[in-house]
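All of the numbers you see were taken from the coordinates with simple rules; none came from a lab. Model, not experiment: these values are computed from the prediction. In this analysis, Cβ positions are derived from the backbone assuming ideal geometry, glycine residues included, and neighbour counts consider all displayed protein chains.
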Amino acid sequence: MKEKQKMKKNNLNIHVFHDQEAASAYVANKIYDLIQKNPQAVLGLATGSTPELTYQFLIEMLTESNLDLSKILTFNLDEYVGLETTHAQSYHTFMSENLFKFLPTLKSNNNNFPSAEVDYDKKISDAGGIDLQILGIGTNGHIGFNEPGSTSDSKTRIVNLDPSTIAANSRFFNSIDEVPTKAISMGLDTIFKAKKIILMAFGETKKSAIKKLMQAEKFDQDFPASILLSHPNVEIIVDEESYK
Ligand code: F6R
């Protein structure tokens with residue numbers, strides 16, 4: 001794998017790859033290794049453009065291997081509020097189209113999404129906690145939909161999306177007016193409880209967020225991803241474009 005540079009800052013293990021493809025292959029391998037070692041692994045999953053290629057590689061690896069996924073549990077980070085789960089842009093649909101439908105032994109009952117009806121944090125802890133949480137990052141430093149202002153003790157809850165997030169997500173809708181303004185998201189505390197976290201960021205648009213993360217010294221509510229600085233097991237996976 002074309003890994004260019006590896007370094008450590010605070011607790012963050014940073015891996016810079018030449019491109020998104022090499023980085024995504026690295027992350028797909030990490031998820032695959034975990035599933036191979038632990039057929040009952042609990043995965044925390046993200047949507048968005050960032051993990052798409054990772055999911056493609058993972059599908060290829062899992063399909064070739066024929067591993068039994070029937071005891072794997074997944075917990076997605078977030079979902080829009082106000083969209084039917086069957087809507088083309090819902091995160092239920094995203095996961096189905098980009099991962100779940102290609103993995104026949106994965107049980108749909110074992111794929112969880114936050115909703116106002118369930119105590120998601122309790123459901124996660126009852127499942128033994130998340131073994132590996134996959135994250136992207138917003139240009140404003142959000143993880144999940146923990147927008148600036150989120151507190152370090154925040155749990156799964158309904159949040160108002162930041163205008164910058166609504167603008168960024170409008171690329172998937174016909175017009176900005178169609179983008180939901182609310183979502184339900186794991187909190188920063190929910191994410192922090194994961195045993196291992198991998199955050200990915202690719203492309204020029206993520207450069208300033210990654211720079212801020214590298215410069216942060218401690219948790220700052222205005223930059224939610226800074227919660228990761230004190231987590232004991234974090235990898236930050238970037239391409240050259242986001243880390244020049
Ligand atoms: C998605 C999520 C968000 C995204 C972030 C980056 O489930 O929780 O935090 O990871 O908005 O989105 P992309 O990957 O589309 O740039």
* Structure fact -> From fewest to most C-beta neighbours within 10 Å, the residues Tyr243, Tyr32, Tyr55 line up as Tyr32, Tyr243, Tyr55
* To do: At 7 Å along the Cα-to-beta-carbon direction for both Phe173 and Glu204, put a label point, then send me their distance in nm to one decimal.
  => 2.7
* Structure fact -> Long-range amide H partners of Gln133, meaning residues 5 or more apart or on another chain whose placed amide H is closer than 5 Å, are Gly44, Lys196, Ile197, Ile198
* Using a Gaussian network model of the chain with C-alpha springs under 10 Å, which one of Asp33, Asp220, Asp78 is most mobile by mean-square fluctuation? -> Asp33
* Identify all lysines with a Cα-Cα distance to Lys207 below 25 Å; exclude those on the same chain that are fewer than 8 residues away in sequence. => Lys2, Lys4, Lys6, Lys8, Lys9, Lys30, Lys196, Lys218, Lys244
* Structure fact -> Largest fluctuation, Val234, Val118, Val81 only, Gaussian network model of the chain with Cα springs under 10 angstrom, belongs to Val118
* Asked: What order do you get for His15, His231 when you list them from fewest to most C-beta neighbours inside 10 Å?
  -> His231, His15
* Per-residue [θ]222 nm for the chain (sum of -39500 (n - 2.57) over DSSP H runs n ≥ 4, rounded to 500) -> -8000 deg cm²/dmol
* Work out how much length Phe102 to Ile166 would gain on full extension: take 0.36 nm times their residue separation and subtract the Cα-Cα distance, in nm to one decimal. => 20.1 nm
* Asked: Per residue, how much space in cubic angstrom lies within the convex hull of the C-alpha atoms of the range 124-164?
  -> 85
* Structure fact -> Taking Cα pairs closer than 8 Å and at least 6 residues apart, the relative contact order of the chain in percent is 25
* **Over the range 11-122, relative contact order from alpha-carbon pairs under 8 Å, at least 6 apart, %** => 26
* Structure fact -> Sorted by chain and then number, the residues having a modelled amide H within less than 5 Å of the amide H of Lys4, at least 5 places away or on another chain, are Val16, Phe17, His18
* Using a simple charge model, +1 on the beta-carbon of Lys and Arg, -1 on the beta-carbon of Asp and Glu, nothing else, what dipole does the chain show about its Cα centre, in debye to the nearest 20? -> 700
* Asked: If the chain between Asn38 and Lys244 were fully stretched, how many nm would it gain, using 0.36 nm times the residue separation less the Cα-Cα distance?
  -> 70.5 nm
* Relative to the compact-globule scaling 2.2 N^0.38 Å, provide the ratio for the alpha-carbon radius of gyration of the chain. => 0.94
